[in-house]
Amino acid sequence: MLIQIKNLTKTYQRHDGAINAVDNLSLDIPKGSFVTITGASGSGKTTLLLMLGGLLRPTSGKMVYNGNEINLHKEEELANFRSNHVGFVMQSFALIPYLTAVENIMIALNVKNSDKAKNRKGALELLEWVGLDDRTTHYPKELSAGQQQRVAIARALANNPDLLLADEPTGNLDPGLSEEILGVLKEINQNHNTTIVMVTHSPMAAEYGNTKIQMKNGKLHTHVSNVIAEQIN
Ligand SMILES: Nc1ncnc2c1ncn2[C@@H]1O[C@H](COP(=O)(O)OP(=O)(O)O)[C@@H](O)[C@H]1O
Ligand SMILES: [Mg+2]
């Protein structure tokens with residue numbers, strides 16, 4: 001298993017009382033799987049995703065990564081987990097407007113390595129993966145929404161993550177562009193064996209998953225997996 005979460009709970013204190021956004025949830029995510037998460041607004045999808053990526057500390061419960069328990073109380077350990085293993089793609093592409101496509105990816109690579117020529121080469125390679133090698137020196141505003149999301153996906157892959165987390169990555173795209181982006185994610189999952197967990201409102205998008213989860217009130221409502229353990233080990 002890539003990630004195992006056990007009895008994970010996130011409690012928020014609100015003016016109307018405490019709410020368990022994620023409520024005693026346990027889940028195994030096999031290596032190489034493509035997990036899709038659906039559920040009504042407020043059911044806890046984003047909260048779960050942020051905890052999976054080490055961006056949000058659970059109130060209780062535990063997380064095991066590749067067989068090793070992550071110490072959720074040590075900020076440094078969470079930070080290492082994030083930077084070594086996790087990539088994020090959001091609904092709003094969150095690109096830096098005054099940097100070109102290739103530069104948006106280079107700054108993610110520069111964090112780990114200061115060799116600019118090497119990083120440019122790496123960034124161009126990532127743009128090729130997402131089918132955007134002909135738009136490398138364009139600024140975000142010169143790109144279509146679908147192209148901007150491709151840049152954001154390439155940036156999320158910059159640290160060569162084992163786990164790619166996506167929160168409504170097609171939420172701002174029309175159906176045609178959504179299918180293109182979903183195709184890019186599927187390719188990354190299949191060709192690079194990157195495990196993907198994607199939150200989506202769209203039943204069509206959810207079909208891209210080989211493990212489909214539906215959340216309700218912070219809990220797993222349904223969980224259907226077509227992943228055969230032997231195939232993905
Ligand atoms: N920072 C926060 N403070 C208080 N309540 C929050 C916070 N973030 C989320 N919630 C609440 O937790 C529940 C789950 O939210 P969320 O994970 O964003 O759901 P989803 O992504 O499925 O729409 C909701 O009731 C939401 O209002
Ligand atoms: Mg959400």
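Exactly one condition in (1) among the hydroxyl-bearing types (Ser, Thr, Tyr); (2) surrounded by 13 or more Cβ atoms within 10 Å (Cβ to Cβ); (3) out of contact with any Gly (no Cβ under 9 Å at 6 or more places or on another chain) is not met by SER178; state its number.
(3)
Filter the range 208-222 for residues that are outside any strand (DSSP E or B) and either in contact with a helix residue (DSSP H, G or I) (Cβ under 7 Å, 6 or more places away or on another chain) or within 16 Å of ligand 2 (Cβ to nearest atom) (or both); which is farthest from ASP167 (Cα to Cα)?
Of all residues in the range 208-222, those outside any strand (DSSP E or B) come to 208-210, 217-218.
After this cut, where a residue has to be either in contact with a helix residue (DSSP H, G or I) (Cβ under 7 Å, 6 or more places away or on another chain) or within 16 Å of ligand 2 (Cβ to nearest atom) (or both) as well, the list is 208, 217-218.
On the way: TYR208: 14, ASN217: 18, GLY218: 16 Å.
Ranking the candidates gives ASN217 first.
Return the total of residues in the range 26-55 being among the aliphatic types (A, V, I, L, M) and touching a Lys or Arg at 6+ places or on another chain (Cβ under 6 Å). Lay out the reasoning, then the answer.
Let us first name the residues in the range 26-55 that are among the aliphatic types (A, V, I, L, M), namely 27, 29, 35, 37, 40, 48-52, 55.
Going one step further and asking which of them are touching a Lys or Arg at 6+ places or on another chain (Cβ under 6 Å), we end up with 37.
Qualifying residue count for the region: 1.
Quick one: which residue in ALA166, ALA158, ALA205 is assigned to a helix (DSSP H, G or I), of a type in the set (Gly, Ala, Ser), surrounded by 16 or more Cβ atoms within 10 Å (Cβ to Cβ) and in contact (Cβ under 8 Å) with a residue 60 or more places away in the chain? It would help to see each step written out before you state the result.
Working: ALA166 fails: assigned to a helix (DSSP H, G or I); ALA158 fails: assigned to a helix (DSSP H, G or I).
The unique qualifying residue is ALA205.
Is there a residue being in contact with a Leu (Cβ under 8 Å, 6 or more places away or on another chain), of a type outside the set (Asp, Glu) and within 26 Å of LEU50 (Cα to Cα) anywhere in the range 108-122?
no
Please pick out the residue among GLY61, GLY39, GLY87 that is at pLDDT 95 or above and closer than 20 Å to ILE188 by Cβ. Talk me through it step by step, then tell me what you get.
On the way: GLY61 fails: closer than 20 Å to ILE188 by Cβ; GLY39 fails: closer than 20 Å to ILE188 by Cβ.
Answer to the selection: GLY87.
Working carefully through the options GLY146, GLY171, GLY131, find the one that is within 16 Å of ALA94 (Cβ to Cβ), free of Cβ contacts under 8 Å to residues at least 60 places away in the same chain and either among the aromatic types (Phe, Trp, Tyr) or surrounded by 13 or more Cβ atoms within 10 Å (Cβ to Cβ) (or both). I'd like the intermediate steps shown before the answer.
Numbers: GLY171 fails: free of Cβ contacts under 8 Å to residues at least 60 places away in the same chain; GLY131 fails: within 16 Å of ALA94 (Cβ to Cβ).
Sole residue among the options that is within 16 Å of ALA94 (Cβ to Cβ), free of Cβ contacts under 8 Å to residues at least 60 places away in the same chain and either among the aromatic types (Phe, Trp, Tyr) or surrounded by 13 or more Cβ atoms within 10 Å (Cβ to Cβ) (or both): GLY146.
Go through the residues of the range 23-31 one by one and say whether even a single one is within 16 Å of ligand 2 (Cβ to nearest atom), part of a loop (DSSP other than H, G, I, E, B) and more than 16 Å from the chain's Cα centre (by Cα).
no
Would you list the strands (runs of 3 or more DSSP E) that sit entirely within the range 33-122 and hold 2 or more residues that are farther than 15 Å from LEU163 by Cβ? If you could, list the steps in order and put the result at the bottom.
Details: elements: 34-39, 60-65, 86-89.
Of the strands (runs of 3 or more DSSP E) lying wholly inside the range 33-122, those with at least 2 residues that are farther than 15 Å from LEU163 by Cβ span 34-39, 60-65.
Filter the range 29-83 down to the residues that are surrounded by 13 or more Cβ atoms within 10 Å (Cβ to Cβ) and at positive phi and list them by number.
GLY32, GLY39, GLY42, GLY44, GLY54, GLY61 - these are the residues of the range 29-83 that are surrounded by 13 or more Cβ atoms within 10 Å (Cβ to Cβ) and at positive phi.
Starting from residues that are more than 23 Å from LEU143 (Cα to Cα) and of a type in the set (A, V, I, L, M), keep the ones in the range 84-115 and report whichever is surrounded by the most Cβ atoms within 10 Å (Cβ to Cβ).
Among them, the one singled out is VAL86.
Pick from the range 156-191 the residues that are away from ligand 1 (no atom under 16 Å from the Cβ) and among the acidic types (Asp, Glu): which of them is farthest from PRO30 (Cα to Cα)?
Of the residues in the range 156-191, the ones away from ligand 1 (no atom under 16 Å from the Cβ) are 156-164, 173-191.
This time we only want the ones that are among the acidic types (Asp, Glu), so: 162, 174, 179-180, 187.
Values: ASP162: 11, ASP174: 31, GLU179: 24, GLU180: 25, GLU187: 17 Å.
Going through the qualifying residues, I end up with ASP174.
Being under 20 Å from the mean Cα position of the chain (by Cα), at negative phi and either within 16 Å of ligand 2 (Cβ to nearest atom) or in a strand (DSSP E or B) (or both) is the requirement here; does ILE5 meet it?
Numbers: under 20 Å from the mean Cα position of the chain (by Cα): yes; at negative phi: yes; either within 16 Å of ligand 2 (Cβ to nearest atom) or in a strand (DSSP E or B) (or both): yes.
Yes: the conditions hold for ILE5.
The values are calculated or read from the model by the stated rules, or taken from the named source; none is laboratory data. This structure is a prediction, so every number in the text was calculated from the model and none was measured. For neighbour counting, all protein chains shown are included, and Cβ atoms are generated from backbone atoms with ideal geometry for every residue, glycine included.
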